[in-house]
Amino acid sequence: MKKHLLILCFLFSFFISSASILSDKAKVYLFTCQPGTEIYATFGHSAFYIQDKENSIDIVFNYGIFSFDAENFLYKFLKGETFYMLGIQDYENFLWGYEHREMGVSSQELNLTPEEKDQLYLALITNALPENREYLYNFFYDNCATRLRDMTEDVTNGTIIYPNFTQKQTYRDLVAMFTGKNTWLKFGIDILVGAPADKMISNHDKMFLPYFLRDNYSQAYIEKDGQKKKLVISSQQLIPDFPRQTASILLSPLTAMCLLFFVALAISIRNIKKKTQNLWFDFILFLLVGIIGMLVTFITFFSIHPAVFPNYNILWIQPLYIIFAILLCFKNIRYKLAKYHYFNILMLASAFVLSLFAQSFNLAFYPLMLTLCLRSSMQIYFAKKNLP
C-alpha cells in the first residue's frame, strides 16, 4: 500500500509540473477479466490500464478493491453499505494475480485523442487520492464496469454510439447467465433480490457486467461533427481464458426441494394413517425457513440496495415460522395456531399468483412452497382431529 501511495504522489506531482500529462504515444486500455471461482468474482472484472513508455507509466486502475477484514463487513454488505476503492497496481503484478487465480484477461485499446487520454488519466489520479478513492458500491448501478463506462463517456469529445442489441433482458436474466452453473448461488440471489430486478433494462444498463461492457465497446463508435471512428482500435487476449467445469445438477436446489416435498408427502401420508404427527420434521422445516425469512425481511426493509424492495418472497418466507416452530413444542398452544396456518396458506397462494406477473421466482421455490403448504394443511388437520 505504501508503494502505491508513493507512486500516486509521484504521478500527481508529475501532472502539476507538466502542461501535458501523457505523451502523444500513451495508450489507454480496457481490461476485462474472466469470471472466477470465488463468489465475489462470479461476474468478472473490468479495469483501466494506462501505458506511457516515454514517461515510464505502466499502471492499472482498479475500482474493485475491497477487504473482507473491514469492520462489520458482512452486515454492511447485506445492508448495501459496502465501500469499494480505486487502487493502482503495477501492470505485471495485476496480470500475475489474475493468472494465479486462473482468470483470463483481455484488453481493448481505446481510440481516444491525446487530450481525452489526459482528461481520463487526471480523473483517475484524482479519484485514486486517499480522500477520493472510496465509493459506495452497488452491483447493478455503480461498480467496476459502470465506473469505467461513465468515465469514458465523460472524457470523450463526442457521442459514443453503442450497438443496438435488441434482446430484451432483465437484471435477473443477466445474473442467471453467470450463475446458471452455480445453481445454489442463483437460488440464494433469487431469494434476496426483489421485483425491481425483473424490469426490462436498456443496453446501456447491461454494461454493469464486464463482459457486456467489453462487447459493447468492441462494436461502439464515437460520433462528432458527422464523423465516426471506432471506439476500440485493437483487441488482444493477454491471458487465455481458463476452462470451467460444469457443476453437477444432482444436488441442485430444484432436485433438493423436490426431494424435500416427496419426503414431506410421505411423512404426511404416514401421519394420517398412524394418526400421529412428526413434530421434529415440522420443527426443523419451519425453523430453517424462519431464519431465512429473517434475512429476507432485514434486506427487504433495511437494506439500501435498490433492487430488493419490494420482494414478494417475504409472503412465503416469513420470520413468523420461527415462533411457530418453537410453539410446536407446546400441545395446548399448538392446536390454537390453526388460524395461523390458514393465513400461511393464503400467503403462499398470494406469492404464487404474484410470481406469475410481478416477480420472477426460481423454479426451486415452488416445491418448497408446496412443502410448506402441505405441512400447514397437516397442522390444520390434526388441530381439527385433536390428535397428538
> When you go through (1) without any contact (Cβ under 8 Å) to a residue 60 or more places away in the chain; (2) crowded, with 17+ Cβ neighbours inside 10 Å one by one for M177, which number turns out not to apply?
Replying inline: (2)
> Got a number for residues in the stretch 42-71 being of a type in the set (S, T, N, Q) and open to solvent by 90 Å² or more (accessible area, probe 1.4 Å)?
Replying inline: 1
> How many residues are within 16 Å of the chain's Cα centre (by Cα) and among the polar types (S, T, N, Q) if we restrict to the stretch 69-92?
Replying inline: 1
> Just a yes or no: is a residue in the stretch 134-146 farther than 24 Å from L356 by Cα, open to solvent by 20 Å² or more (accessible area, probe 1.4 Å), out of contact with any His (no Cβ under 7 Å at 6 or more places or on another chain) and assigned to a helix (DSSP H, G or I)?
Replying inline: no
> Hey, among I39, I16, I21, which residue is modelled with pLDDT under 95 and open to solvent by less than 20 Å² (accessible area, probe 1.4 Å)?
Replying inline: I21
>> Taking the condition of being within 25 Å of E116 (Cα to Cα) and hydrophobic (A, V, I, L, M, F, W, C), how many residues in the stretch 148-198 meet it?
In response: 5
>> Being hydrophobic (A, V, I, L, M, F, W, C), in contact (Cβ under 8 Å) with a residue 60 or more places away in the chain and open to solvent by less than 50 Å² (accessible area, probe 1.4 Å) is the filter here; which residues of the stretch 367-376 pass it?
In response: L368, L372, L374
> What pairs can you find where one residue is in the stretch 146-166 and among the basic types (K, R), the other is crowded, with 18+ Cβ neighbours inside 10 Å, and their Cβ atoms are less than 7 Å apart, with a gap of 6+ or different chains?
Replying inline: R147/Y63; R149/M207; R149/L213
>> Considering only the stretch 80-87, I want to know if a residue exists there that is of a type in the set (A, V, I, L, M), part of a helix (DSSP H, G or I) and surrounded by fewer than 20 Cβ atoms within 10 Å (Cβ to Cβ).
In response: no
>> Looking at S235, S252, can you tell me which residue is of a type in the set (S, T, Y) and farther than 18 Å from T42 by Cβ?
In response: S235
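The values are calculated or read from the model by the stated rules, or taken from the named source; none is laboratory data. If you're wondering where the values come from, they're calculated on a predicted model, not measured in any experiment. In this analysis, Cβ positions are derived from the backbone assuming ideal geometry, glycine residues included, and neighbour counts consider all displayed protein chains. What goes into the accessible areas is simple: the full protein's heavy atoms, side chains included, and nothing from ligands, DNA or RNA. Shrake-Rupley method; radii C 1.70, N 1.55, O 1.52, S 1.80 Å.
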